[in-house]
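Novice: One structure coming up, written as structure tokens, with questions to follow.
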Amino acid sequence: MIDANYVNQFRMVCFTDEPDGIREEVDIHPIPDVEPLHPKYWFGEENYCWDRSKFLLFNAQEWLGEVGPFCYFDLDVIIQDSIDEFYDLAFQPHILYSHWQPKGQLKERRFRDIRGTYFNSSCMLWWSDQPKKIYQDVVDNPDIFKVFYKGSDNYHQWRRPAGATFWNFLPEEWYYSYNYQEPNYDAKLSLFNQNVTGNDNSISIDELEDSVLLNHWYGKYDMYKEFPTRVVLELSNKYNDTENGFNDLFVEDDELTLEDVKRIFVDTPEYVTLLTTLARPNRCKDYLKIVEWFEQQGTKVIQPPLDFGLHIINKLGRPIVEQEKELVTRENIKKFKQKEEYRNVVKEERWVIDCEARNDNMVYINAKGHVFPCSYMARDVLESRLFPLHPIDYPYNPKYNNAKSFPLKDIVYNADFECYNDSLKKDHLKICKETCGRCV
């Protein structure tokens, strides 16, 4: 998540005595054996200040031998958007403020008696050894936890050995509590803080079913880890054979020739689906030549029935129509499985909407030669020309993303397809939410 949302170089460090299963990009550092902060001195032994190990962070400059900005995140924080501004803010110590809590609690006697707090240490920033006084205070005064027994946040609210104005607060609009506020997908951070009480209905990230946040949580992915081996192809857009009058708006004068196909598919795909996006494939002048060429290259051709009154036999002596009354759908495409099958047969208890074009290693190419991950995105681009307020949130370069002019591999791995990644991670087309990917 940080790699996707932070422009500067950084070092990711995890203090832990249990390094198994942590990603190799993370630097593992053992928890410093300092009494009474290391968990072995208190975990399971007493109930005072259950997260006291956090105070070890304030001596991180010494433990890590680093000088400069430090940024700490709890493990239950989801980064939703750019945190580039954190670098400049780290010159002064910053912490979060629980603005979702009821106002005026500090005036309530019970709240003060239990040392209640508005401070939230799910994310903290500082420079070098600025918080060293906090670390030294808790080491020199081990019994202080019996006063601030609810956690380190209570300590920061009431103790303040580094001064009453030591902590600054990050802007409230940058973060929110998923359990105690409405989701704010435009914020930078989503917190999963919970009150440990019997009647609390909060959830942890392990219980999260919000697809937008789960895509942030699982991190940025490449649209295609391997070069696509399946292609959905529109041969012509000269006619409207869809029985939908609205599609007359998209009828143009484009048609792929055999030479176009040869130029596009220098690396021949395993499967090609000839789709009736607007016009039936057989309307294309070079239809038979294109089918024959694909078959000669070893490409399996999938196509809808050609309803024009003749049972055509191609030059290789095989019927063109291999399916009787069934149109090409997502279901019959599934018959042509790859070595690895990504699709889940049974719906997971918790799932992430993922891009089916990516999972099936598939791209869509229209009659102009334009390349998209799928035909639904292609339609989005077309409709955005008609409706100025159409909610398309990714760019498209029709000149560069044309496979008749540029290698298909260059297009698939260019900046526009990278923007598709970010768009799909943030939110999905309606059709994706209903029918595509891992939600099936």
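The values are calculated or read from the model by the stated rules, or taken from the named source; none is laboratory data. These numbers were taken from a predicted model, which means no experiment stands behind them. All Cβ positions, even for glycine, are placed from backbone atoms using ideal geometry, and neighbour counts span all protein chains on display. Areas reflect the complete protein model, heavy atoms only, side chains present, ligands, DNA and RNA absent. Shrake-Rupley method; radii C 1.70, N 1.55, O 1.52, S 1.80 Å.
Novice: Assuming residue 264 fulfils every condition listed in (1) more than 19 Å from residue 372 (Cβ to Cβ); (2) open to solvent by less than 20 Å² (accessible area, probe 1.4 Å); (3) of a type in the set (Val, Ile, Thr) apart from one, which condition is it?
Specialist: Failed condition: (1).
Novice: Sticking with this one: Within the range 160-182, take every residue that is under 19 Å from residue 202 (Cα atoms) and in contact with a strand residue (DSSP E or B) (Cβ under 6 Å, 6 or more places away or on another chain) and give me the one that is most open to solvent (accessible area, probe 1.4 Å).
Specialist: Ranking the candidates gives 178 first.
Novice: When you check residue 59 against the structure, is it modelled with pLDDT of 95 or more, among the polar types (S, T, N, Q) and open to solvent by less than 80 Å² (accessible area, probe 1.4 Å), yes or no?
Specialist: Yes, satisfied.
Novice: Among the candidates 143, 129, which residue alone is closer than 20 Å to residue 37 by Cα, touching a residue at least 40 places away in the same chain (Cβ under 8 Å), acidic (Asp, Glu) and open to solvent by 20 Å² or more (accessible area, probe 1.4 Å)?
Specialist: Result: 129 is the single residue among 143, 129 that is closer than 20 Å to residue 37 by Cα, touching a residue at least 40 places away in the same chain (Cβ under 8 Å), acidic (Asp, Glu) and open to solvent by 20 Å² or more (accessible area, probe 1.4 Å).
Novice: For the range 214-230, enumerate the residues that are in contact with a Leu (Cβ under 9 Å, 6 or more places away or on another chain) and at pLDDT 70 or above.
Specialist: 214, 215, 217, 227, 228
Novice: Can you tell me which of 228, 183 is part of a loop (DSSP other than H, G, I, E, B) and closer than 30 Å to residue 264 by Cα?
Specialist: Result: 228 is the single residue among 228, 183 that is part of a loop (DSSP other than H, G, I, E, B) and closer than 30 Å to residue 264 by Cα.
Novice: Further question: Quick check, is residue 77 in contact (Cβ under 8 Å) with a residue 60 or more places away in the chain, loosely packed, with under 15 Cβ neighbours inside 10 Å and among the β-branched types (Val, Ile, Thr)?
Specialist: no
Novice: Would a scan of the range 44-53 turn up a residue that is touching a Ser or Thr at 6+ places or on another chain (Cβ under 8 Å), surrounded by 15 or more Cβ atoms within 10 Å (Cβ to Cβ) and either without any contact (Cβ under 8 Å) to a residue 60 or more places away in the chain or part of a helix (DSSP H, G or I) (or both)?
Specialist: Yes, the range 44-53 contains at least one residue that is touching a Ser or Thr at 6+ places or on another chain (Cβ under 8 Å), surrounded by 15 or more Cβ atoms within 10 Å (Cβ to Cβ) and either without any contact (Cβ under 8 Å) to a residue 60 or more places away in the chain or part of a helix (DSSP H, G or I) (or both).
Yes or no, residue by residue, for (1) under 17 Å from residue 121 (Cβ atoms); (2) open to solvent by 50 Å² or more (accessible area, probe 1.4 Å):
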position: 150; (1), (2): yes, yes
position: 153; (1), (2): yes, no
position: 158; (1), (2): yes, yes
position: 201; (1), (2): no, yes
position: 212; (1), (2): no, no
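Novice: In addition: Under 7 Å between Cβ atoms, at least 6 apart or on separate chains: pull out the pairs that start in the range 405-417 with a residue that is open to solvent by less than 20 Å² (accessible area, probe 1.4 Å) and end on any residue that is in a helix (DSSP H, G or I).
Specialist: 408/264
Novice: Could you tell me which of the residues 234, 226 is on the phi < 0 side of the Ramachandran plot and surrounded by fewer than 20 Cβ atoms within 10 Å (Cβ to Cβ)?
Specialist: Unique residue meeting the criteria: 226.
Novice: OK, next. Where residues in the range 129-154 are of a type in the set (Ser, Thr, Tyr) and modelled with pLDDT under 95, which of them is nearest to residue 96 (Cα to Cα)?
Specialist: The extreme case among them is 152.
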